[in-house]
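Here is the structure we will look at, set down as structure tokens.
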Amino acid sequence: EGSITVTSGTTLTISEGIVNNAGAENFIVEDNANIIQTNNAANTGDITVYKNSSPLYRLDYTMWSSPVSGQNLQEFSPQTLSNRFYTYNETTDQYNTVDPSVTAFAAGLGYLIRIANTHPSYVNTDTPGTSWTGTFTGTPNNGDVAVNMSTTLNGYNIVGNPYPSPINVHDFYNTNSGTINPGSALYFWRKRNDA
């Protein structure tokens, strides 16, 4: 029993698995906080992880990836219109809509999601956007995460960080050098729908 909050700017390092029997509301990982597990151990029980978007306006999109398993897309962003959740299909070079009511985040995949339809609209360049807090609830991912990739057309794939901690981009690239085509690059979503 009890509760744990990993506060923003701090890291909780764990050598074994996480066992949470107290409920997701009693194990909180704030935005810009990290859980790092040093061993490939299974986790049990749900936690809550908060992630803040960049400043956005209504109709802007963000690429999201879940640090927990079992997170439903519509429950993650309930005020986003149901036809504004997308995956990327490399074989057609198109974004495909997915039914968010029956789709959960797959570990390591990125999803393009429009900001909540109730989010503040763009006013002018002097009015900054507003950050949106995403709430992920589920069992924290740990260990190796394999994501199927395709290079049929242009070779673009959308992947995302599946952990409640950062990934070192150099280590990621080097570790996956046998999978990533020579000369390939990593591209990062720019967060805004401006020109």
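The values are calculated or read from the model by the stated rules, or taken from the named source; none is laboratory data. All of these numbers come straight from a predicted model, not from anything done at the bench. No Cβ is skipped: glycine too gets one built from the backbone with ideal geometry, and neighbour counts run over all protein chains shown. Areas reflect the complete protein model, heavy atoms only, side chains present, ligands, DNA and RNA absent. Shrake-Rupley method; radii C 1.70, N 1.55, O 1.52, S 1.80 Å.
Summary of computed values
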read-out	value
Unique residue being open to solvent by 20 Å² or more (accessible area, probe 1.4 Å) and touching a residue at least 24 places away in the same chain (Cβ under 8 Å) when the list is S121, S77, S66	S121
Qualifying residues in the range 140-149 (those that are assigned to a loop (DSSP other than H, G, I, E, B) and surrounded by 14 or more Cβ atoms within 10 Å (Cβ to Cβ)) - the one modelled with the lowest pLDDT	M149
Sole residue being within 25 Å of L12 (Cβ to Cβ), more than 16 Å from the chain's Cα centre (by Cα) and surrounded by 10 or more Cβ atoms within 10 Å (Cβ to Cβ), chosen from T179, T175, T152, T137	T175
Leading residue by the ranking (modelled with the highest pLDDT) among those in the range 1-26 that are assigned to a loop (DSSP other than H, G, I, E, B) and of a type in the set (D, E)	E16
Residues located in the range 27-50, provided they are over 13 Å from P166 (Cα atoms), hydrophobic (A, V, I, L, M, F, W, C) and not in a strand (DSSP E or B)	A41, A42
Residues of the range 124-134 satisfying the condition of being exposed (fewer than 15 other Cβ atoms within 10 Å of the Cβ) and touching a Ser or Thr at 6+ places or on another chain (Cβ under 7 Å)	S131
Check on R58, among the basic types (K, R), out of contact with any strand residue (DSSP E or B) (no Cβ under 8 Å at 6 or more places or on another chain) and over 22 Å from T139 (Cβ atoms)	yes
Residue count, the range 155-172 (criterion: on the phi > 0 side of the Ramachandran plot and open to solvent by 50 Å² or more (accessible area, probe 1.4 Å))	0
Single residue of D99, D93 found to be among the acidic types (D, E) and modelled with pLDDT under 95	D93
Residue in the range 81-96 that is β-branched (V, I, T), open to solvent by less than 60 Å² (accessible area, probe 1.4 Å) and in a strand (DSSP E or B) present	yes
Filter result (on the phi > 0 side of the Ramachandran plot and open to solvent by 40 Å² or more (accessible area, probe 1.4 Å)) within the range 28-63	N32, L59
